[in-house]
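First up is the structure itself, then whatever we jot down about it.
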Amino acid sequence: MSLPITPLLRSAALLLGFLACGAFLCAAQPPSAASDDSLFQQAMSAMQSGSFARARSILIGLRARHPHDFPVDESLGLACAQLGDLKSALLSFQQAAQDDPGSAVGQANLGTAYLKLHQNALAVHALEASLRLDPSNASTQAALAQAYMLLHQPQKAVPAFQAALKLNPEDSGLLYNTALAEFQAGNAAQAEPLLARMPGLENSAEAQSLYGDVDESLGKYEDAAKYYANAARLDPSESNVFMLGIEFLRHWTFDPAIKEFEAGVQRFPKSTRMQVGLGVAYYGGSYYDKAIPVFAALLKKSPDNALYAELLGRDCTVLTEGIRPECASLVTFAERHPGNAIIATYAATSILHQPQSQQQLDTARSLLAHALRANPRMPQAQFAMGLLLQQEKQWSESIPRLETAIQLKPDYATAHYRLALAYNHNGDKQKAQEQIALELKYSKADRAEVENRLRSVTTFLVKMQ
């Protein structure tokens, strides 16, 4: 009998039990000498009673007198495995497989030992050999499937799990694992009915969470949210609470997302992804004043993290009223990373969104100069330079900058608006009206761009699982 396998975790980690003595011992012939036969039976009795150290001692002596004896080598491997000495167990199983290459049990135990020692490719080879000899062993099929999952080959794991499931159709662990393999192989529609018939589904946070992933993939968003909520209720772990918040973010339901992430941050204050999720939820819900301290705190902990700087920059450039000292960290980041054009632009724009001294305007100009040197075709930097010139009442000088921004990004609604102001100050009313019309035309594009940014950040958050 091969090692029993417990269900896969969502992380694809294995929790395998110890190898167990099996019926193959009865089918094999023990050593022939009468005294050694008695010793072998004593070893078997010791194993049955849990005295594995004694069994191992006896079997080591027997192996010295009976080399290449399958029952001795296989039993010694089992005893070593039960004692946690997997390396010695593997050596014995390797020898046993050489003793009797035609033993399905020997190949299965060898494969499972490889699996426990994370030698997954070798495990596949041995387990496939066992299944060629005995394709009706559900445990071996399940072990082979798990080896494929650990090799990140769910497409190959699916048929093995399906074969095991045919032999044990009501096994909840196999139903879950088969559904997980189907989902990871891109077959969400095949995963859903497996979960639906899983005994104990209503009490399994792991299955509820997977069901949420499956229904999300199938476009059943309300059902997905229900399953994620069930998972968080059954097991309010960091992962489950995070995924419930992510589900709300995916569908722009920001207030419920904020509620979940606020509770998550309070419960798991060291969880970085929970804090990022909270900041993104605040940003998506237009609570920019609340998002700023979240991203500023993250950037303070990781001062070279460009993502945190960018998220902070987005908030600081959207919030147009009041002075936020936290936004000053953008300037520090930009000065430390002069090649990062987007952060330099955000830092300069955040300065322009609040009352400035001449020194601050000089800092903004320097930052924008760095940004344009790094990326002269960046429309946001050209626009910000035009905005700076307008704040210095240099309306005519701002026009080339804004025109360049629009050439680079024709649907830049805010740039059209600022260009209209410049034309109006120069007395060109017709051009100003044309730019206002374009600003109105492209304002939806600006909102769509904000939504695309949110989607990209949400996608990043999903990958932080």
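Bear in mind these aren't lab numbers, they're just calculated from the coordinates by the rules spelled out. Remember, it's a predicted structure, so these values are computed and weren't measured experimentally. Here the Cβ positions follow ideal geometry from the backbone for every residue, glycine too, while neighbour counts run over all protein chains shown.
Take every Cα pair under 8 Å in the chain that's 6+ residues apart, average their separations, divide by the length, and report that relative contact order as a whole percent. Numbers along the way, then the final one.
On the way: 702 pairs, mean separation 30.1, N = 465.
After rounding, I find 6 percent.
Stretched out fully, how many nm does the piece from Q359 to R267 gain, at 0.36 nm a residue minus the Cα gap? Write down the numbers at each step before the final one.
Working: separation 92, 0.36 × 92 = 33.12 nm, distance 4.32 nm.
Fully extending the segment from Q359 to R267 adds 28.8 nm.
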Note, E392: beta-carbon cut-off 15 Å, +1 each Lys/Arg, -1 each Asp/Glu, net +2
Measuring from the longest principal axis of the C-alpha atoms of the chain, the long axis of helix 413-425 (C-alpha) lies at a number of degrees, nearest 10, equal to 10 degrees
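Please work out how much length the chain gains when fully extended from L83 to Q394, using 0.36 nm per residue of separation minus the C-alpha to C-alpha distance, in nm with one decimal. Mind dumping the intermediate values first?
On the way: separation 311, 0.36 × 311 = 111.96 nm, distance 8.16 nm.
Separation in residues times 0.36 nm, less the Cα-Cα distance, equals 103.8 nm.
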Charge dipole of the chain built from unit charges on the beta carbon (Lys, Arg +1; Asp, Glu -1), centred at mean Cα; most positive-end Cα among H416, L201, S396 is S396
Contour minus Cα-Cα span, N168 to Q119, at 0.36 nm per residue, comes to 14.9 nm
Of 237-246, 95-104, ordering from highest average Cβ density within 10 Å down gives 237-246, 95-104
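For the stretch 52-105, what does the alpha-carbon gyration tensor say about shape, rounded, prolate or oblate, given a ≥ b ≥ c as the root eigenvalues, a/c under 1.5 as rounded, and a/b over b/c as prolate? Mind showing how you got there, number by number?
On the way: a/c = 2.09, a/b = 1.26, b/c = 1.66.
Oblate.
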Here the equivalent ellipsoid of the stretch 90-181, derived from its Cα gyration tensor, has semi-axes (largest first, whole Å) of 22, 14, 9
With a ≥ b ≥ c from the Cα gyration tensor eigenvalues, square-rooted, and the rule rounded for a/c under 1.5, otherwise prolate when a/b > b/c and oblate otherwise, the stretch 196-240 is oblate
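Remind me, relative contact order of the stretch 115-223 in percent, using alpha carbon pairs under 8 angstrom and six or more residues apart?
On the way: 128 pairs, mean separation 18.8, N = 109.
Dividing the mean separation by the residue count of the stretch 115-223 yields 17 percent.
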Given a Förster distance of 60 Å, the FRET efficiency implied by the Cβ-Cβ spacing of K441 and R197, rounded to the nearest 0.05, works out to 0.65
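Calculate the FRET efficiency for L151 and R233 from the Cβ-Cβ distance with a Förster distance of 30 Å, rounded to the nearest 0.05. Each step should come with its number before you reach the end.
Working: r = 34 Å, r/R0 = 1.14.
So, using R0 = 30 Å, E works out to roughly 0.30.
So what is the relative contact order of the stretch 322-419, in percent, for Cα pairs below 8 Å that sit 6 or more residues apart?
For the stretch 322-419, the relative contact order is 21 percent.
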If one compares the long axis through the Cα atoms of helix 288-301 with the longest principal axis of the Cα atoms of the chain, the angle in degrees, nearest 10, works out at 60 degrees
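Would you calculate the convex hull of the Cα atoms in the stretch 153-235 and tell me its volume per residue in Å³?
72 Å³
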Which of (i) 35.1; (ii) 27.9; (iii) 22.9 gives mean projected area of the Cα convex hull in nm² as computed here? It is (ii)
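Hey, with R₀ at 51 Å, roughly what FRET efficiency would W252 and H68 work out to, going by the Cβ-Cβ distance, to 0.05?
Working: r = 68 Å, r/R0 = 1.33.
Efficiency, rounded to the nearest 0.05: 0.15.
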Asserting the computed 222 nm helical MRE of the chain (DSSP H runs at least 4 long, -39500 (n - 2.57) per run, divided by residue count, to nearest 500) equals -23500 deg cm²/dmol
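Within the stretch 141-211, report the trypsin sites (Lys or Arg not before Pro) that DSSP leaves as loop and that have at most 10 other Cβ atoms within 10 Å.
On the way: sites: K156, K166, R197; in loops: R197.
Answer in residue order: no site qualifies.
Say the cut-off is 27 Å between C-alpha atoms; which of K87/K270; K301/K444; K290/K444 go over it?
On the way: K87/K270 37 Å; K301/K444 36 Å; K290/K444 25 Å.
Over 27 Å apart, Cα to Cα: K87/K270; K301/K444.
More than 13 angstrom separation, counting every C-alpha pair in the stretch 264-311; what % is that? Show your work: numbers first, answer last.
On the way: 579 of 1128 pairs.
Tail of the P(r) past 13 Å holds 51 percent of the pairs.
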Over all viewing directions the Cα convex hull of the stretch 40-82 casts an average projected area in nm² of 2.4 nm²
Rounded to the nearest 10 degrees, the helix 221-234 long axis (Cα) sits at an angle to the longest Cα principal axis of the chain of 60 degrees
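Where does each of 277-285, 253-261, 81-89, 429-437 land if you order them by average Cβ count within 10 Å, highest first? Display every interim value, and only then the final one.
Working: 277-285: 25.3, 253-261: 20.2, 81-89: 17.3, 429-437: 14.8.
Top of the packing list down: 277-285, 253-261, 81-89, 429-437.
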What the 10 Å binned alpha carbon P(r) of the stretch 319-426 shows, as percent of pairs per bin from 0, is 16, 48, 33, 3
